1. Along the range 49-60, what does the Karplus equation 6.51 cos²θ - 1.76 cosθ + 1.60 (θ = phi - 60°) give for ³J(HN,Hα), rounded to whole Hz, x for Gly and Pro?
2. If we count every other residue with Cβ under 12 angstrom of D89's Cβ, Lys/Arg +1 and Asp/Glu -1, where does the sum land?
3. For the chain, modelled as a GNM with alpha-carbon contacts under 10 angstrom, which of N73, N96, N83 fluctuates the most?
4. Taking all protein chains as present, what is the carbon and sulfur share of the accessible area of the chain, in % to the nearest whole number, probe 1.4 Å?
5. Check L85: other-chain or 5+ apart residues with amide H under 5 Å from its amide H, H built from backbone geometry?
6. Quick one: compute the contact order of the chain, relative version, from alpha carbon pairs under 8 angstrom and 6+ residues apart, as a percent.
7. Once the other residues with Cβ under 10 Å from the Cβ of V112 are scored (Lys, Arg +1; Asp, Glu -1), what is the net sum?
8. Just subtract the alpha-carbon distance of R66 and Q1 from 0.36 nm times their residue separation and send over the number in nm, one decimal.
Amino acid sequence: QVQLVESGGGLVQPGGSLRLSCAASGTVFSITAMGWYRQAPGKERELVAVQTSGGRTNYADSVKGRFTISTDNAKNTVYLQMNSLKPEDTAVYYCNLIQAASFSFWGQGTQVTVSS
């Protein structure tokens, strides 16, 4: 089993920045990809950003140019640097890990609130 623990969420003013972290522990091997999703109240969970083991990245159009995903393979950790935050970025952010192209694991989520 793989456990994912997120941190770094909180309350920030519009235009501000936050950095989310997600550390994987347990039986971690053959990571295919790690990424971030978010779910706002009343909406479906959506992809924010993902990075494959080969270094390829994919971003939601709404965050391109503002968010940056990165990984530390030695620490099995994925980060999401979020700049120029907007109220519409308010959501619970979930970390996701794909293992061996077959198994999907989720973190418990961290709240990000963008408000003045």
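The values are calculated or read from the model by the stated rules, or taken from the named source; none is laboratory data. Everything quoted here is computed from the prediction, not taken from an experiment. Virtual Cβ from ideal backbone geometry, glycine too; neighbours counted across all protein chains shown. Accessible surface is based on the protein model in full, side chains and every heavy atom, while ligands, DNA and RNA are left aside. Shrake-Rupley method; radii C 1.70, N 1.55, O 1.52, S 1.80 Å.
1. Per-residue couplings from phi come out as 7, 9, 10, 7, 5, x, x, 6, 10, 9, 10, 5 Hz.
2. Once positives and negatives cancel, what remains is +1.
3. Residue with maximal mean-square fluctuation among N73, N96, N83: N73.
4. Carbon-and-sulfur percentage of accessible area, whole number: 48.
5. G15, G16
6. Details: 286 pairs, mean separation 43.2, N = 116.
For the chain, the relative contact order is 37 percent.
7. On the way: positive: R38; negative: D89.
Neighbour charge sum, excluding V112 itself: 0.
8. Computed gain between R66 and Q1 is 20.1 nm.
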